[in-house]
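> Just passing along the structure, written as structure tokens.
The values are calculated or read from the model by the stated rules, or taken from the named source; none is laboratory data. This is a predicted model, so every value here is computed, not measured. As a convention, Cβ positions derive from the backbone with ideal geometry for all residues, glycine included, and neighbour counts pool all protein chains shown.
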């Protein structure tokens, strides 16, 4: 008795880039939440020790970070500094949040991070 063969299916090409952003407890010494803005829109709220993974179209992504919350977490002025990240289809791009005197920023993280 012949067994019917399953149709051959080829995996679809990955047409998006993967962006992983981590907020480590020791990197940013604030109890405030951190807002992640993509293309000017609030996309996520990151708590201490949290990370987020996003599937995004390839190309340039405008990223801005800012403190969120009440009381001492409300900045005296909005952080306007942003970064442009270049995402490639099928690639994983890992970043971690860091803080300097100029404010919050993303720094590349190793792939095994």
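To keep it simple, each residue is scored yes or no on (1) modelled with pLDDT under 95; (2) in a strand (DSSP E or B); (3) more than 17 Å from residue 109 (Cα to Cα).
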site: 1; (1), (2), (3): yes, no, yes
site: 11; (1), (2), (3): yes, no, yes
site: 20; (1), (2), (3): no, yes, no
site: 42; (1), (2), (3): yes, yes, yes
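> So, one more: Could you list all residues from the stretch 93-106 that are part of a strand (DSSP E or B) and either more than 14 Å from residue 51 (Cα to Cα) or at pLDDT below 90 (or both)?
Within the stretch 93-106, the first condition is being part of a strand (DSSP E or B), and the residues that meet it are 93-100, 103-106.
Result: 99, 100, 103, 104, 105.
> Something else now. Every residue in the stretch 22-40 that is surrounded by 13 or more Cβ atoms within 10 Å (Cβ to Cβ) and modelled with pLDDT under 85, please. Spell out the reasoning first.
First pass over the stretch 22-40, keeping only residues surrounded by 13 or more Cβ atoms within 10 Å (Cβ to Cβ): 22-24, 27-28, 30, 32-38.
Once the filter is applied, which keeps residues that are surrounded by 13 or more Cβ atoms within 10 Å (Cβ to Cβ) and modelled with pLDDT under 85, the stretch 22-40 yields 24, 27, 28, 30.
> If you go through the stretch 17-46 one residue at a time, how many are more than 9 Å from residue 97 (Cβ to Cβ) and within 14 Å of the chain's Cα centre (by Cα)? Spell out how you get there, then give the answer.
Residues of the stretch 17-46 more than 9 Å from residue 97 (Cβ to Cβ): 17-20, 25-26, 29-33, 35, 37-45.
Those still in the list that are within 14 Å of the chain's Cα centre (by Cα) too: 17-20, 35, 37-45.
The qualifying residues number 14.
> Another question, then. Just need a number here: residues in the stretch 83-92 that are in contact (Cβ under 8 Å) with a residue 40 or more places away in the chain and either under 13 Å from the mean Cα position of the chain (by Cα) or assigned to a strand (DSSP E or B) (or both). Before the answer, list the steps.
Just the residues of the stretch 83-92 that are in contact (Cβ under 8 Å) with a residue 40 or more places away in the chain, to begin with: 85, 87-92.
Subset that is either under 13 Å from the mean Cα position of the chain (by Cα) or assigned to a strand (DSSP E or B) (or both): 85, 87, 92.
Qualifying residue count, the stretch 83-92: 3.
> Now, a different point. Kindly provide the set of residues from the stretch 44-72 that are surrounded by 14 or more Cβ atoms within 10 Å (Cβ to Cβ), assigned to a strand (DSSP E or B) and either in contact with a strand residue (DSSP E or B) (Cβ under 6 Å, 6 or more places away or on another chain) or at pLDDT 95 or above (or both), ordered by number. So that I can check it myself, show each step before the final result.
First, the residues of the stretch 44-72 that are surrounded by 14 or more Cβ atoms within 10 Å (Cβ to Cβ): 44, 46, 48, 50-52, 54, 56, 58, 61, 63-69.
Cutting the leftovers down to assigned to a strand (DSSP E or B) gives us 44, 46, 51-52, 54, 56, 61, 63-68.
If the condition is that a residue be surrounded by 14 or more Cβ atoms within 10 Å (Cβ to Cβ), assigned to a strand (DSSP E or B) and either in contact with a strand residue (DSSP E or B) (Cβ under 6 Å, 6 or more places away or on another chain) or at pLDDT 95 or above (or both), then 44, 46, 51, 52, 54, 56, 61, 63, 64, 65, 66, 68 are the ones that fit.
> Here is a list: 111, 76. Which entry is at pLDDT below 95, more than 13 Å from the chain's Cα centre (by Cα), within 17 Å of residue 20 (Cβ to Cβ) and exposed (fewer than 11 other Cβ atoms within 10 Å of the Cβ)?
Values: 76 fails: within 17 Å of residue 20 (Cβ to Cβ).
When all the criteria are applied, what remains is 111.
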